[in-house]
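The values are calculated or read from the model by the stated rules, or taken from the named source; none is laboratory data. Treat the numbers as computed from the prediction; the structure is a model and nothing was measured. Glycine gets a Cβ as well: all are built from the backbone with ideal geometry, and neighbour counts include every protein chain shown. Calculation scope for accessible area: heavy atoms of the full protein, side chains included, ligands and nucleic acids excluded. Shrake-Rupley method; radii C 1.70, N 1.55, O 1.52, S 1.80 Å.
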Amino acid sequence: MSKKILNNPSECVEEMLEGAEISQRGVKRLEGWNVLVREDIDFVKANRVAIISGGGSGHEPSHGGWVGEGMLSAAVAGGVFASPSTNAVLAAILTVTGPKGCLVIIKNYTGDRLNFGLAAEQAKARGLKVEVVVVGDDCALPNRGKGIAGRRGVAGTVFVHKVAGAAAELGLSLEEVKQVAEKASKSIATIGVATTVCTLPGKERNERLGENECELGLGIHGEPGVVKQNMESCDTLVNKTLAYIFKQEEGWKYLNVAHGDKVALMVNNLGSTTPMELSVVARRAFGSLTNHYKVKVERLLAGTFMSSLDMAGFSLTVFVLDEQLLQYLDAPTKAHAWPNTIATPKISSPFPCPDLSSKQVSSSTCPKISEKDAELFKNCVKTACESVKEIHQQLTEWDQKVGDGDCGDTLASGADLLLNSLSSFDFTKPDAAFSSIAVIIERMGGTSGAIYTILFVSIAGFFSNFAHSRDLNLNDWVEAFETGVNSVSRYGGATKGDRTMLDALIPAVEALKESLAKGESFNLLLSSVSNAATKGANETKSLKAHAGRSSYVPEELLKTVPDPGAMAVAQWISAVTKLLSS
């Protein structure tokens, strides 16, 4: 068993945050959640765009160390290397967001994208102004083409926190702060080198690296690197990492930088690297950037910014600067972990947490629909649920071949949850109904639960922000459906052709829009939608998987089985269109 100076490993995150509140200046915990917020949050809510980030614990000082004036308004902590829950993120957003809105900065990992993204959509459905920036600065792997995993978010994300926080502190609008964050995220590149693998609390150490071995391009959760090799000198390892960052070959060009450009360099301790080693790394990196790559290192930061528990190693981040980004990088901050801040001990006193039980927007502008249409709406939901239950076993059999075997059980459980709750929904209010559906579906769990919840929360948000003083028409319902499907694609990262449920959803949206444009009859429109969804789902047999567990399954096996999620979508779309046509 690994040796850690902890009590119970299962309580280490909560106890860490209690200690952070005591020892860090200007932060408080959010009651009931593993969230740190600025102590002056009332001022932030009234006068500033709020900045939120977070992720799994074990990367300290990320992300709680960046909470403070000039950086983050709140940081949400998950379990060790585990994304925080949607409700934890939502609690943070509700606590810190005022009239000027909130920017959520997400590291590019599937769990973070789904949970932070869903929380952002739920907050928007409540009428809050929320924008999202996803950061992927890892440059260890070439462009993976159709793969949706993309570049991982690693230490360079801290630079995005810093400049976005500075922009917010100057009173810029949400759109302006988002633009600064996006510009920064496109100007950073990071790669790491490790000499040991990290050890999770209460677990045995992974011994995949021999005594004289190291890895280049590994992940901050201990994922294997792209290259395992014998140990070399510091200068040689630094040269190799910078070569990845500055690669310009096809599929590798992640950083647009020219001779004479101004850059900031971050030399990051991955966990247990000594200050002596970091200084030697910084020495070589500075020299190589200046003399070989001919760039001007305007700022050099060496220390621990985003760790991986006790991993021994370092990462280098190069941040290409313009005058605005340099100004924001230099702007003052009171964040505890940013260089030159001082902590003052204080007594713990958590903030009260906002009520998370209400999911409906009180200021909704959505018009009601007639009792007759509401009854039809209810029957559509009922029919969709019953149709999915009909193919429960078939979904399970498909998923046992290309996934983890739980698709049928998960969707059937969600259908049962909805069927048992339909009588309590107000179907005369589409925004309220879809919001209630989302609340129930979230209990379904799994990736399917998160994806369907995003779909329905986004549709609810569309209706709750409906800006027209007229009754809803067919075009409005189609636009709402398209909004939900676009959100699923945005936060899940997949699109048509990636062998997911979107291969049925997107063709359905396209068929709806095409039929409307042609002025086709309602029954012909329904037929087109059903056929498009079914065709798209069936064609997943011929697609290579770029998302989910199917992406690990041999292509030969995939060719015999359609995507279960897409087939479920086609099933309920066909059932609903059949009901409507009758």
Can you work out the accessible area per residue across the chain, with the rest of the protein chains kept in place, probe 1.4 Å, in square angstrom?
42 Å²
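Using 0.36 nm per residue of separation minus the Cα-Cα distance, give me the extension gain between Thr274 and Leu170 in nm, one decimal.
33.8 nm
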Over all pairs of distinct alpha carbons, what does the Kirkwood formula give as the hydrodynamic radius of the chain, in Å?
25.3 Å
Counting only residues 5 or more apart in sequence or on a different chain, those whose built amide H sits under 5 Å from that of Asp261 are Lys296
Pairing the Cα long axis of helix 446-464 with the longest principal axis of the chain, what angle in degrees results, from 0 to 90 and rounded to the nearest 10?
70 degrees
Just to be sure I understand the curve: with the Debye formula and one point per C-alpha of the range 108-199, what is log10 I(q)/I(0) at q = 0.15, 0.23 Å⁻¹?
-0.71, -1.24
For the range 271-344 and the range 193-221, distance of Cα centres in Å:
22 Å
Under the Karplus curve 6.51 cos²θ - 1.76 cosθ + 1.60, θ = phi - 60°, whole-Hz ³J(HN,Hα) for the range 47-64, x wherever Gly or Pro sits:
10, 9, 5, 7, 10, 10, 8, x, x, x, 6, x, 10, 4, x, 6, 10, x
Inter-site label distance for Lys186 and Leu419 at 7 Å from Cα along Cβ, in nm:
5.0 nm
Could you list which residues have their amide H under 5 Å from that of Leu270, counting only those 5 or more apart in sequence or on another chain, with H placed in the peptide plane?
Gly313, Phe314, Ser315
Starting from the Cα gyration tensor of the range 1-121, take the square roots of the eigenvalues, sort them a ≥ b ≥ c, and report rounded, prolate or oblate (rounded when a/c is under 1.5, otherwise prolate if a/b is larger than b/c, else oblate).
oblate
Whole-Hz ³J(HN,Hα) from phi, Karplus 6.51 cos²θ - 1.76 cosθ + 1.60, for the range 397-409, glycine and proline x:
4, 4, 6, 5, 8, 10, x, 9, x, 9, 4, x, 4
For a paramagnetic label modelled at 7 Å from the Cα of Asp330 toward its Cβ, which residues of the range 275-310 fall within the zone defined by backbone nitrogen distances under 13 Å?
298-300
Vicinal HN-Hα couplings computed from phi for the range 269-281 (Karplus, 6.51 cos²θ - 1.76 cosθ + 1.60; Hz; Gly/Pro x)
7, 6, x, 10, 7, 6, x, 4, 5, 4, 5, 5, 4
Please list the non-local residues whose amide H lies under 5 Å from the amide H of Val197, H modeled 1.01 Å from N, same-chain partners needing a gap of 5 or more.
Leu209
If you fit an axis through the alpha-carbon atoms of helix 502-518 and take the longest principal axis of the Cα set of the chain, what angle between them do you get, 0 to 90°, nearest 10?
50 degrees
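What net charge do the residues around Gly414 carry, taking every other residue with its C-beta under 14 Å from that of Gly414, with Lys and Arg at +1 and Asp and Glu at -1?
Numbers: positive: Lys382, Lys389, Arg443; negative: Glu386, Asp406, Asp409, Asp416, Glu442.
Net charge in that neighbourhood comes out at -2.
Which loop-located trypsin sites (Lys or Arg not before Pro) does the range 41-147 contain, where loop means any DSSP state but H, G, I, E or B and the Cβ has at most 12 other Cβ atoms within 10 Å? Mind dumping the intermediate values first?
Numbers: sites: Lys45, Arg48, Lys100, Lys107, Arg113, Lys124, Arg126, Lys129, Arg144, Lys146; in loops: Arg48, Lys100, Arg126, Lys129, Arg144, Lys146.
The qualifying sites are Arg144.
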Run lengths n ≥ 4 of DSSP H only: what is the helix-derived mean residue ellipticity at 222 nm for the chain, with -39500 (n - 2.57) per run over all residues, to the nearest 500?
-14500 deg cm²/dmol
Using a 1.4 angstrom probe on heavy atoms only, work out the carbon and sulfur share of the accessible area of the chain in %.
51 percent
Nearest 10 degrees is fine. How inclined is helix 12-23 to the longest principal axis of the chain, computing both from alpha carbons?
60 degrees
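Please figure out what share of the DSSP beta bridges in the chain is antiparallel and state it in percent, rounded to the nearest 5.
Expressed as a percentage, antiparallel bridges in the chain total about 50.
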For the range 45-86 and the range 373-408, what is the separation of their Cα centres, given in Å?
37 Å
